[in-house]
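Notes follow once the structure below has been shown.
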Amino acid sequence: SESARRRIKSMSLPGVATGLAWTPFGGDILFVEATKMAGDGKLLLTGQLGDVMKESAQAALSLVKSRAEMLGIEPEMFRKSDLHVHIPAGAIPKDGPSAGVTLFVALVSLLIGKRINKDIAMTGEISLRGLVLAVGGVKEKVLAAKRAGISCVLLPELNRKDIEEVPATAREGIRFEFLKTVDDALQLALEPEALGRSVGSERLAS
């Protein structure tokens, strides 16, 4: 967990997000790194991604594309660039339907050039309409966030009740925010100057 703390502190570039994963051995921190290069619209996926996570990445990209105008992203960019998502290999392989929000936020951060708050970790699956869906392993994920020194955890609104299962000592010092939509995640995760005029509050409220 000390290496996780160091890694989180070094995250100062757009496109790098901290997720929370469940493994058979408990919760773990999940790093998502996104970058882009000249290309023709391909999505490259490398690192510790199982099949379910690859599907989440495809869904996250579709969601970004569908919101491109609202986010201030030039649609032309998707035709002229390849996007590369990398999840560095940890000691334990990770897969499962809980990284959609993290993948979406990482891609938006990269494409609008704004950083993600390094003190925030998130978990949640996404629908193609931008809803944040419930996930499992909340207790284990919160414990992993605690070990890594995370001060704010973003969880699906649908998992609000699961916080009661987390020991009070593990919740201490962590602020919990609950997400109904991916717009909520952007509002909370991107650094204050990040959204600018590209995502208006009236759109986020709708």
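The values are calculated or read from the model by the stated rules, or taken from the named source; none is laboratory data. These figures come from a predicted structure and were not determined experimentally. When we count neighbours, we look across all protein chains shown, and the Cβ atoms used for this are built from the backbone with ideal geometry, even at glycine. Accessible surface areas use protein heavy atoms only, side chains included; no ligands, DNA or RNA. Shrake-Rupley method; radii C 1.70, N 1.55, O 1.52, S 1.80 Å.
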Legend entry - Residues of segment 79-127 that turn out to be at positive phi and out of contact with any Pro (no Cβ under 7 Å at 6 or more places or on another chain), as a count: 1
Legend entry - helices (runs of 4 or more DSSP H) contained in segment 53-170 and holding at least 1 residues of a type in the set (Gly, Ala, Ser) and touching a Ser or Thr at 6+ places or on another chain (Cβ under 9 Å): 100-112, 138-147
Legend entry - Selected residue (criterion: farthest from the chain's Cα centre (by Cα)) from residues of segment 113-153 that are over 24 Å from residue 24 (Cα atoms) and of a type in the set (D, E, K, R): 129
Inset, instruction - Identify, by number, the condition in (1) under 18 Å from residue 22 (Cα atoms); (2) open to solvent by less than 20 Å² (accessible area, probe 1.4 Å); (3) modelled with pLDDT of 95 or more that residue 182 doesn't meet. - result: (1)
Inset, instruction - Look at residue 12 and say whether it is hydroxyl-bearing (Ser, Thr, Tyr), open to solvent by less than 30 Å² (accessible area, probe 1.4 Å), in contact (Cβ under 8 Å) with a residue 12 or more places away in the chain and not in a strand (DSSP E or B). - result: no
